[in-house]
Every structure is written in C-alpha cells, then in structure tokens.
1. Within region 28-48, can you find the residues that are in a loop (DSSP other than H, G, I, E, B) and either under 19 Å from Ser8 (Cα atoms) or in contact (Cβ under 8 Å) with a residue 40 or more places away in the chain (or both)?
2. With respect to Ala21, is the statement that it is open to solvent by less than 60 Å² (accessible area, probe 1.4 Å), in contact with a Phe, Trp or Tyr (Cβ under 7 Å, 6 or more places away or on another chain) and either among the hydrophobic types (A, V, I, L, M, F, W, C) or at pLDDT 95 or above (or both) true?
3. I'm trying to understand the selection: among the residues of region 34-78, which are among the basic types (Lys, Arg) and either open to solvent by less than 80 Å² (accessible area, probe 1.4 Å) or in contact with a Phe, Trp or Tyr (Cβ under 9 Å, 6 or more places away or on another chain) (or both)?
4. Could you look through region 17-54, keep only residues that are touching a Ser or Thr at 6+ places or on another chain (Cβ under 6 Å) and of a type in the set (D, E, K, R), and pick out the one that is farthest from Phe77 (Cα to Cα)?
5. Scan region 49-69 for residues that are assigned to a strand (DSSP E or B) and in contact (Cβ under 8 Å) with a residue 24 or more places away in the chain and jot them down.
Amino acid sequence: QALNVIDSLCFGASTTLKTKASGGIDNYVYQWLDNNTTLSNTDSLKITNTQSGKRTYISIVTDGCSSPDTSKLEVVFL
C-alpha cells in the first residue's frame with residue numbers, strides 16, 4: 001500500500017488522500033478511519049481544514065488473501 005503524503009494543510013484548504021494497493025489478489029477492500037470512525041470505503045478521502053490541530057488518518061487495505069495492510073498518516077491543520 002502506498003499513500004500520497006502531505007504533512008500540513010492551511011485553514012480552509014482541501015486535499016484528497018489516496019492509497020494505492022498492489023500485490024496480493026486484485027479484489028481490494030479499502031477503509032479510511034479517523035480514530036475508530038469510518039470516513040470512507042474507497043481508495044481516497046477528501047479532507048478539509050476547518051480547525052487547527054493534528055489529526056491522524058488510518059488507511060486499511062485488504063485483498064481477501066493476506067492480512068490487512070494498515071498505514072497511518074498525521075496531518076497538521078494550520
């Protein structure tokens with residue numbers, strides 16, 4: 001799993017986080033989380049900075065064959 005990486009986002013700005021899966025069986029299931037809340041079940045997640053602080057996003061990809069692949073991305077909202 002590969003993520004497009006940003007580390008900060010200015011107030012009012014938006015971006016899309018995207019994960020790309022490879023290997024395994026080509027039947028990928030995607031999940032984006034913020035803490036334990038599911039935000040998206042696709043390979044991408046649009047985020048907008050509405051308040052300052054740091055948020056951690058978690059991307060989980062499963063392919064029905066191997067264990068889930070989990071990546072964390074911290075974004076600082078300025």
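1. Listed by number, the list holds a single entry, Asn35.
2. yes
3. Result: Lys54, Arg55, Lys72.
4. The selected residue is Asp43.
5. If the condition is that a residue be assigned to a strand (DSSP E or B) and in contact (Cβ under 8 Å) with a residue 24 or more places away in the chain, then Gly53, Tyr57, Ile58, Ser59, Ile60, Val61, Thr62, Asp69 are the ones that fit.
The values are calculated or read from the model by the stated rules, or taken from the named source; none is laboratory data. Bear in mind the structure is a predicted one, so any value in this text is a computation, not a measurement. Using ideal geometry, Cβ is built from the backbone for each residue, glycine included, and neighbour counts are taken over all protein chains shown. Surface areas here come from the heavy atoms of the whole protein model, side chains and all, with no ligands, DNA or RNA. Shrake-Rupley method; radii C 1.70, N 1.55, O 1.52, S 1.80 Å.
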